[in-house]
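Notes follow once the structure below has been shown.
The values are calculated or read from the model by the stated rules, or taken from the named source; none is laboratory data. Since the structure is predicted, the reported quantities are computational estimates derived from the model, not experimental observations. As a convention, Cβ positions derive from the backbone with ideal geometry for all residues, glycine included, and neighbour counts pool all protein chains shown. Ligands, DNA and RNA are stripped out before the accessible areas are found, and what is left, the full protein with its side chains, is counted by its heavy atoms. Shrake-Rupley method; radii C 1.70, N 1.55, O 1.52, S 1.80 Å.
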Amino acid sequence: MYKKIIILILFIQILMACDIDKSPLKSSYKDSKLGKNSLCYQKGMEKYWQIVLMQGLSQNPLNISKNPSNDAYNPVWSPTGEYIAFRYDMGIGGTDIHLYVISRDTSFSITPDLGLNESASPVMWTPDGEKLIYRHKTLGEQTDYEIMNKDGANKQFILDSQIGHEPQRLIGFCPDSYHFIFTHKGNVYKTNIDHTFTDTLVTENRLGGHLIYVFDFDPFNKRILYARTSLSWTGIFDSILLYNLNNSSIDTVAFIPQSQSGSFLHNPLFNHDFSKIAYSKSQNDLASHTLYIYKDGVSRVLKKALVDWNNPSFSPGDNYICFEQYEFISSNTTASFKSKVYIINMDTKVMIQIGDGKNAQWNPLFNF
């Protein structure tokens, strides 16, 4: 009997050593190449958009969505570097969210319970990488924000995306992965997943009046990064500002004087340690763009003469910025835009074209 017990224990140890756990979410950090992957982005391949994964600056990205006859959109890399969530369009109606497990080179739906009249698209992960926030819509009903475990379990509502004609936008999660910041009508709020409280952080009036657009939040220094405009279209702004919740002060990151008619500000974003802000300025009624970096109260030019600049993303070490440019393409019969993904070195200012695509995201484990 004693020998049988010893043999059983040895057998269990062998099984554990072999790692026979076939769970689709099981990762092996020892054998995987998680840190070698650099970027994922949405790429036009033949007729459809697909999600691709790059190693380093390779010009031959791997198609990870593999949606043969429909589109895939909105890649969102998990903070742990293990997963990429993306929207997967169904050929017979609706959309799913698929999860690509990098160490296993496989993907699967984490929303198989959705009906053909339902659509879902990933928005952001919680900082601990355990939960995914996504937009959910049932045909004929209002879109909302929901949250679920990374395997798709425990789905729950967290926020309406719109109240009346006014959108509510989720800005970001606090480091505890439980509280989050959202904005509505220019007011900024803090609440939690379980809806046990909602706190008003600052009102629209305190931020400077109407047509306020909140872009980012620094949870450590309690600063709100936002832009203000006197125009009806909020994609272009007169000023970019920082509101400090500790002392109610407002710092100006950038502004457009009245003498510079036809110039506008766009797309402010904090870097990872919240010490820098990237933003762009357009001149000559959007004809050309300049990329700026703001730090310690001073803005410096990073790159001039850009065609357009959208969806910025700092690399994990904050030494590169990834962005996309839109190029206008015309012929005798048609006119269209094509987006290309670029990265730029923060020190040398060298710009590298990655390829046709959009919505690029860095691997949080990768460093050049």
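Please go through region 62-86 and give me each residue that is without any contact (Cβ under 8 Å) to a residue 40 or more places away in the chain, touching a strand residue (DSSP E or B) at 6+ places or on another chain (Cβ under 6 Å) and of a type in the set (Gly, Ala, Ser), ordered by number. Answer for region 62-86, where residues must be without any contact (Cβ under 8 Å) to a residue 40 or more places away in the chain, touching a strand residue (DSSP E or B) at 6+ places or on another chain (Cβ under 6 Å) and of a type in the set (Gly, Ala, Ser): just ALA72. For SER261, the criteria (1) open to solvent by less than 40 Å² (accessible area, probe 1.4 Å); (2) free of Cβ contacts under 8 Å to residues at least 12 places away in the same chain hold in every case but one, which is (1). Considering ILE193, ILE250, ILE224, ILE240, which residue is more than 23 Å from the chain's Cα centre (by Cα) and β-branched (Val, Ile, Thr)? Selected residue: ILE250, the only one of ILE193, ILE250, ILE224, ILE240 that is more than 23 Å from the chain's Cα centre (by Cα) and β-branched (Val, Ile, Thr).
Scanning region 103-121 for residues that are of a type in the set (Asp, Glu) and either under 12 Å from ARG87 (Cα atoms) or not in a strand (DSSP E or B) (or both), we see that the one that is most open to solvent (accessible area, probe 1.4 Å) is ASP113.
Inside region 208-280, counting only strands (runs of 3 or more DSSP E) that do not spill past its ends, which hold 1 or more residues that are aromatic (Phe, Trp, Tyr) and over 18 Å from ARG300 (Cβ atoms)? Full working, then the answer.
Details: elements: 212-218, 223-228, 239-244, 250-255, 264-270.
Ranges flagged: 212-218, 223-228, 239-244, 264-270.
Looking only at region 119-145, residues that are among the aliphatic types (A, V, I, L, M), closer than 18 Å to TRP362 by Cα and in contact with a Pro (Cβ under 9 Å, 6 or more places away or on another chain) come to 1 in all.
Considering only residues that are hydrophobic (A, V, I, L, M, F, W, C) and touching a helix residue (DSSP H, G or I) at 6+ places or on another chain (Cβ under 9 Å), which ones fall in region 154-200? Write out each step before concluding.
Initially, region 154-200 is screened for residues hydrophobic (A, V, I, L, M, F, W, C), giving 157-159, 163, 170-171, 173-174, 180-182, 188, 193, 197.
Within region 154-200, just VAL188 meets the criteria.
The set of residues in region 158-178 being more than 18 Å from PRO127 (Cα to Cα) and of a type in the set (S, T, N, Q) consists of SER161, GLN162, GLN168. Filtered by the rule that a residue be in a strand (DSSP E or B) and open to solvent by 10 Å² or more (accessible area, probe 1.4 Å), region 77-94 gives TRP77, ARG87, TYR88, ASP89.
Scanning region 129-185 for residues that are charged (D, E, K, R) and under 15 Å from the mean Cα position of the chain (by Cα), we see that the one that is farthest from THR203 (Cα to Cα) is LYS131. The condition (being at pLDDT below 95, within 15 Å of ILE171 (Cα to Cα) and either among the hydrophobic types (A, V, I, L, M, F, W, C) or within 18 Å of the chain's Cα centre (by Cα) (or both)) is satisfied by just one residue among ILE256, ILE212: ILE212. The condition of being in contact with a helix residue (DSSP H, G or I) (Cβ under 9 Å, 6 or more places away or on another chain) and buried (at least 18 other Cβ atoms within 10 Å of the Cβ) holds for only one of ILE321, ILE224, ILE256, that being ILE224. Among the residues of region 37-67, the one identified as in a loop (DSSP other than H, G, I, E, B), of a type in the set (Ser, Thr, Tyr) and at pLDDT 90 or above is SER65. When LEU245, LEU269 are checked against the criterion of being in contact (Cβ under 8 Å) with a residue 40 or more places away in the chain, touching a Lys or Arg at 6+ places or on another chain (Cβ under 6 Å) and open to solvent by 20 Å² or more (accessible area, probe 1.4 Å), LEU245 stands alone in meeting it. The residue that is surrounded by the fewest Cβ atoms within 10 Å (Cβ to Cβ), counting only those in region 123-145 that are of a type in the set (D, E, K, R) and without any contact (Cβ under 8 Å) to a residue 24 or more places away in the chain, is GLU141. Considering region 144-196, and only residues there that are aliphatic (A, V, I, L, M) and not in a strand (DSSP E or B), the residue that is farthest from ILE110 (Cα to Cα) turns out to be ILE193. All told, ASP199 falls short of being more than 26 Å from LEU241 (Cα to Cα) and open to solvent by 30 Å² or more (accessible area, probe 1.4 Å).
Go through region 197-207 and give me each residue that's over 18 Å from ILE147 (Cβ atoms) and not in a loop (DSSP other than H, G, I, E, B). Talk me through it step by step, then tell me what you get.
As a first pass, look at region 197-207 and keep what is over 18 Å from ILE147 (Cβ atoms): 199-207.
Across region 197-207, the qualifying residues are ASP199, THR200, LEU201, VAL202, GLU204, ASN205, ARG206, LEU207.
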